[in-house]
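K.L.:
Here it is, the structure in full.
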Amino acid sequence: MRASGRDRLNREEPLAVTRVEAMPPALAIARSLAGRFTEIVRNGTEAALEPWLGEAEDSMPGAFSRGLRKDHDALAAALAEPWSNGQTEGQINRLKMPKRQMHGRAGAGRLTARMAAMGLVAQIVRGIHCMNPA
């Protein structure tokens, strides 16, 4: 919602956006900057990056902007190049997340919720019942 255009929001989200924009002007400016940054990344418009960084530096996403400025060459290359490692990073995250959860970093409650969301709880319960027919 923070970075999506109004045309991509569901029915309730435009109301939330309107409330945010009615709050202090800094929030409306931050939302506008987030939307513009999303468009810069999606469209790969490297020329729009430098003006955006200058504008964002003096507003709420200032720390984010300064961090991007430190890595400006990598960001410019990412916008200019046609390839991405997003698919690879997504697969790595998909594989590592359950491992992290099973090693106690997320706690038992989150692990159970995650497994339920993945449909694993039902599979495990079925597997236990198949192993121990009572």
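K.L.:
Quick check: residue separation of Arg110 and Asn85 times 0.36 nm, minus the Cα distance between them. What number comes out in nm?
P.N.:
My answer for the length gained is 6.2 nm.
K.L.:
Suppose each label sits 7 Å from its Cα in the direction of the beta carbon; what would the Ala22-Arg69 distance come out to in nanometres?
P.N.:
If labels sit at Ala22 and Arg69, their model points lie 3.5 nm apart.
Bear in mind that the values in this text are calculations on the coordinates, not laboratory data. Values in this document were obtained by computation on a predicted structure and should not be read as measured data. We place every Cβ from the backbone using ideal geometry, glycine too, and count neighbours over all the protein chains shown.
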